[in-house]
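Taken together, the values in this text are just the output of simple stated rules run on the coordinates, not laboratory data. Remember, predicted model here, so these are calculated numbers, not experimental data. Heads up, the Cβs are rebuilt from the backbone with ideal geometry, glycines too, and the neighbour counts pull from every protein chain shown.
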Amino acid sequence: MTQQYRIEKDSMGELQVPADALYAAQTQRAIDNFPISGLAMPPPFIKTVALIKKTAAKVNMALGELDDNTGNAIIKASQCILDGQYQDQFPIDVFQTGSGTSTNMNVNEVVATLASRIAGTAVSANDHVNMGQSSNDVIPTAIHVSAALECHNALLPALNHLAEAIETKAASLGHITKTGRTHLMDAMPIRLSQELGGWALQIRNGVDRIQATLPRVYKLAQGGTAVGTGINAHPEFAERFAKLLSEETKLPFQSNTSLFESLSCQDTMVELSSQLKVIAVSLTKIANDLRWMNSGPLAGLGEIELPALQPGSSIMPGKVNPVIPEAVAMVAAQVIGNDTTITIAGQSGSFQLNVMLPVIAHNILQSIELIANVSKLLADKAIAGFTVRGDNLQKTLSKNPILVTALNPIIGYAKAAEIAKAAYKQGRPIIDIAAEMTGLDRAELEKLLEPGHLTQGGIGH
């Protein structure tokens, strides 16, 4: 079937646009100019730009800058996008003009087309939908607002869910003692609940880091327009916009004290990304511990069994792999890579504008989404369902020569080392060797070397 076209015109002249497209000339120029990755801007970002258009129309109407018929049409059209309609009308590549002007105009044009149909009169993408705005303040605002919304709606609930799942599992394992490991080598005993408690606090600290950064995410660029001065925007626009957006989203957005800062740099997104990177590192640690503990089942540590979710090999029957921890590790690698991109992009502010805004938006939202999604999977499909192989834990624990550490205050380090080496060499339980090489009776040794007791710390006597 032959594609049908219509002629659209912008300040650079005429060009063909698909006949059924809701966008117009400026969007089409961007589609033609940037056939790079096939990655469109994330739906949460597009929805946030639509939210900005909706909020701006309300403010401009209240200020007497926009007539009610046009303003209400823009509000209704923007709401259609917020409701998830017309997502196929936003095809512009992530790798586009650094200000994100292409995406801003894409939304302006689609909203203008829909609003014109609603209003029954021509609604201009630039003069009406973009009134009191510039791509240079819309896109930085959209980055902050979309990131804040996704943190509140997806990331923080997912991280809290993961922390709670780990804490619940830990509470059920408080009676189980295992061999601790440092340098991947046998070390003093530890309770499984203590080990998992460390994981839970890592995640809780991640939540705290995100929450500590959000107050700066709430500070918006909107109202700065082209360079931060607010040219072509009503003097009250910035404050009214932030107030109305806060009412709409239930988040404490505010106009930044320096709109020049908001336009010229992306330091806050660099900060938020760095906190996401820390969480990614925490998730990697947890995933790797789970993989090690699950390794085997015969030739590895074999301390736990993760839920069997799918066949693990196309050639080895019966093999089951730790697929969720592996997915977690891959997500972490992606997030760490995204942070590098955001860091470099954050350096790309020249004078009054950062010129890598779209790639910052793409990467920060992807990192938030990936961590949120995989945290729920880690909680529900790995942590909650793993079982403990108590027999394997006890087998290694009883022969652990490092238990002799508890005797250091009584017999000294040198004598304890001699006992440990003998136990290693003979492959016998440490208590048998200690009974032979010290003057301590067996009952006292049983008390001093009891693994569960040793997890409490302190000095043995």
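Using a Förster distance of 22 angstrom, determine the FRET efficiency expected from the C-beta separation of Asn232 and Asp67, and round it to 0.05.
Working: r = 18 Å, r/R0 = 0.80.
The computed FRET efficiency comes out at 0.80.
What is the spin-label model distance, in nm, from Thr182 to Lys395 if the labels are put 7 Å beyond Cα along the C-beta direction?
Using points 7 Å along Cα→Cβ, the separation is 2.7 nm.
Could you give me the ³J(HN,Hα) list for the stretch 350-367, computed from phi with Karplus coefficients 6.51, -1.76, 1.60 and θ = phi - 60°, whole Hz, x at Gly and Pro?
Karplus-based 3J(HN,Hα) across the stretch 350-367 equals 10, 6, 9, 7, 7, 10, 9, 5, x, 6, 5, 4, 4, 6, 5, 6, 5, 4 Hz.
When each pair of different Cα atoms in the chain is counted once in the 1/r mean, what is the Kirkwood radius in angstroms, to one decimal?
Working: mean 1/r = 0.0389 Å⁻¹.
With all distinct Cα pairs of the chain included, I get 25.7 Å.
Run down the aspartates and glutamates and flag those whose C-alpha is under 13 Å from the C-alpha of Lys415, throwing out any fewer than 8 positions away in its chain.
By straight Cα distance, Lys415 reaches Glu436.
Estimate the FRET efficiency between Glu418 and Met12 by the formula 1/(1 + (r/R0)^6), using the beta-carbon distance for r and 56 Å for R0, to the nearest 0.05. Before the final figure, lay out the partial values.
Values: r = 86 Å, r/R0 = 1.53.
It comes out at approximately 0.05.
Give me the angle, in degrees from 0 to 90, between the Cα long axis of helix 237-249 and the longest principal axis of the Cα atoms of the chain, rounded to the nearest 10.
Around 50 degrees separate the two axes.
Would you please give the FRET efficiency between Arg117 and Gln352, computed as 1/(1 + (r/R0)^6) with r the Cβ-Cβ distance and R0 = 30 Å, to the nearest 0.05? Let's see the in-between values first.
Values: r = 37 Å, r/R0 = 1.22.
Step by step, r from the Cβ atoms, then E = 0.25.
Could you give the length gained by full extension between Lys285 and Glu261, i.e. 0.36 nm per residue of separation minus their alpha carbon distance, to one decimal place? Don't skip to the answer; put the middle values down first.
Numbers: separation 24, 0.36 × 24 = 8.64 nm, distance 3.61 nm.
In short, 5.0 nm is gained.
What whole-number distance in Å separates the alpha-carbon centres of the stretch 77-94 and the stretch 152-167?
What the calculation gives is 29 Å, centre to centre.
By its C-alpha gyration tensor, with a ≥ b ≥ c as the square roots of the eigenvalues, how is the stretch 22-166 shaped: rounded for a/c under 1.5, else prolate for a/b larger than b/c, else oblate? Before the final figure, lay out the partial values.
On the way: a/c = 2.10, a/b = 1.37, b/c = 1.53.
It comes out oblate by the Cα gyration axes.
What does the charge add up to near Met61, with Lys and Arg as +1, Asp and Glu as -1, over the other residues with Cβ less than 10 Å from its Cβ? Mind showing how you got there, number by number?
Numbers: positive: Lys58; negative: Glu65, Asp67, Asp68.
Overall, the nearby charge balance is -2.
How are the C-alpha pair distances of the stretch 318-407 spread across 10 Å bins, as whole percents from the shortest bin up?
14, 25, 21, 18, 13, 7, 2
Please grab the % of Cα pairs in the stretch 113-205 that end up more than 21 Å from each other.
On the way: 2680 of 4278 pairs.
Of all Cα-Cα pairs in the stretch 113-205, 63 percent lie more than 21 Å apart.
Using the count of nearby Cβ atoms within 10 Å as a rough guide to exposure, how do Ile402, Ile364 rank from fewest to most? Write down the numbers at each step before the final one.
Details: Ile402 21, Ile364 30.
Fewest-to-most Cβ neighbours within 10 Å comes out as Ile402, Ile364.
By how many degrees, 0 to 90 and rounded to 10, does the Cα axis of helix 267-294 deviate from the longest principal axis of the chain?
30
Looking only at Cα atoms, what is the convex hull volume of the stretch 137-391 per residue, in Å³? Could you put the intermediate results ahead of the total?
Values: hull volume 35.4 nm³, N = 255.
Convex hull of Cα atoms, per residue: 139 Å³.
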